Amino acid sequence: MKTLLALPLLPLCLALFACVVSAETSPSPAAGKTGLEGVITISPTHGGPIREGEDSSKPLPNTAFIVRQGMEEVARFTTDAEGKYRVALPPGEYHVLARDQKHKFGGWGPFPVEVAADKMTTKNLDCDSGLR
């Protein structure tokens, strides 16, 4: 009698076992493990000569950028208060540029970047302020 009660549960147990075995044997890439990170700066910080000991660049805070592969936009990010950024991307070749190009006087991209597999690729970028 107990065997007859457990029989309807057998398909459910087999399905659950198959899911557990499948999950253990087919690893998936961890989210955020592959992509691009770094600091975006802007230079020069002022016109005229740079004096000895004076910084010629500074972090570019709170600025929106896009990532393109060919002509297709594949990601967006905004730098933090320290100019840092991090964006998850699959391995490949991309171009990073400021989202709003029409009011930028210097060079704000496109910057060519290559994302390596299975790691965060560090790429620091320097935007041109246009000051001379």
Separation in nanometres of the label points that stand 7 Å from Cα toward Cβ, at residue 93 and residue 64:
2.9
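Calculate, in nm to one decimal, what residue 118 and residue 54 gain on full extension: separation in residues at 0.36 nm each, minus their alpha carbon distance.
Numbers: separation 64, 0.36 × 64 = 23.04 nm, distance 3.82 nm.
Extending this stretch completely gives an extra 19.2 nm.
Calculate how many DSSP beta bridges within the stretch 60-132 are antiparallel, expressed in % of all such bridges and rounded to the nearest 5. Please report the intermediate quantities before stating the final value.
Numbers: 15 of 15 bridges.
Restricted to the stretch 60-132, the bridges split so that about 100 percent are antiparallel.
Throughout, read-outs are computed from the coordinates displayed, never taken from laboratory work. Worth saying up front: this structure is predicted, and the values here are computed from it rather than measured. Cβ sites come from the backbone with ideal geometry, for glycine too, and all protein chains shown count toward neighbours.
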